[in-house]
1. Using only the Cα atoms, work out Rg/Rh for segment 95-202, with Rh taken as the Kirkwood radius, to two decimals.
2. Long-range amide H contacts for R37: which residues qualify at under 5 Å (H placed 1.01 Å from N, peptide plane, sequence gap of 5 or more or a different chain)?
3. Rank-order 67-77, 117-127 by packing density, defined as the average count of other C-beta atoms within 10 Å over each peptide's residues, highest first.
4. How big is D, in µm² s⁻¹, for the chain by Stokes-Einstein at 4 °C and 1.567 mPa s if Rh is the Kirkwood radius over C-alpha pairs?
5. Dipole of segment 1-152 (Lys/Arg Cβ +1, Asp/Glu Cβ -1, origin at the Cα centre): which of L45, Q134, G15 lies farthest to the positive side?
6. Where q = 0.11, 0.19, 0.23 Å⁻¹, what log10 of I(q)/I(0) comes from the Debye formula for segment 233-322, counting one point per Cα?
7. Run the numbers on the chain and let me know its relative contact order in percent, using alpha-carbon pairs under 8 Å that are six or more apart.
8. So, by mean Cβ neighbours within 10 angstrom, what's the order for 132-141, 96-105 with the highest one leading?
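Just so it is clear, none of the values below were taken in a lab; they were calculated from the coordinates. What you see is a predicted model; the values in this text were computed from it and never measured. Please note: Cβ atoms are built from the backbone with ideal geometry, for glycine as well, and neighbour counts cover all protein chains shown.
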Amino acid sequence: MNWKNLPVLVTGADGFIGSWIAKELIEQGAEVYTIVRDIKKQSNLDVLNLRNKINIVHGDLANFDVCNRVLKEYKIVICFHIAAQAIVGIANDSPLSTFESNIKGTWNILEAARLSKFIKGVIVASSDKAYGVQKRLPYTEESPLLGLYPYDASKACADILSRSYFKTYGLAVAVTRNANTYGGADLNFSRLIPDTIKSVINNQNPIIRSDGTPERDYMYIKDAVNAYLKLASNINRKDVQGEAFNFGTSKPISVLELYNKIINLMGKKIKPKILGNAKNEIDKQYLSIEKAKRVLKWQPKYSIEQGLRETIAWYRQFFKKN
């Protein structure tokens, strides 16, 4: 797809994944808009130097009128709906605000897109967490959505709502179910990778909330951005519209293994504090990406080591400045 001068909405562009998508779209010449609820002293718009390159609309995705106005007034052609309350701990503590953000925010965007005469496609971020606990691994797109904890359930709801808008109204929607995504500019230091890197840089003992055995699929941010843009570029295809796609590496790694890789790449020998008190988290979770390979000709380019090297280098630079 030629993104030059194309009006694109990226919800959540002040967050981790959304900011990287916005950055790539801006570099490819798109006219990028985002909706921001809270004015923060520093967000990813600053960290990735996007604030003066992106069009910021102040408002709340939970307000339908805001979503409707932005899509119509700015003649948005493609919408990447990435915004979400994405921290599992916060979701467990504050389920209502998580549901408001993740479910109501999604139906507002979908309804505004349905009513717009300009929109050509909506890409909605679901999550591998929407699958919940499955008996069969890896998860395929045919696996039932069994997310039962607040964050997981909110993503399953958004996922189903999105596909219902295609089935009922013919809205050109596609859904991403991404593996755990990591990379520079993730400022949520409750997450394992940025927290471990930050702790090691500060010569502190990183904290592992689980017992270290849970296995996850970790995808580098540049692979994730490539997946989103590839999906959007194919949104006119009948075999893509209304479909969900898994994006990941299909190479699960345990928390402790991942920790040891980071430590070794950083050339340090620091033992973690293993708390073993993580709640409402799934033990083993990883994805089959065969559908994305077959339909979209997409596959990840970065190994875990390559991705971690770039990520470590990014944070070292970031903490030098801050």
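1. The Rg/Rh ratio comes out at 1.05.
2. Here G59 satisfy the definition.
3. 117-127, 67-77
4. The Stokes-Einstein estimate is 65 µm²/s.
5. It is L45, whose Cα lies furthest towards the positive end.
6. With one equal scatterer per Cα and no solvent, log10 I(q)/I(0) is -0.52, -1.05, -1.18.
7. Worked out over the chain, it gives 17 percent.
8. Most protected by this proxy first, the peptides run 96-105, 132-141.
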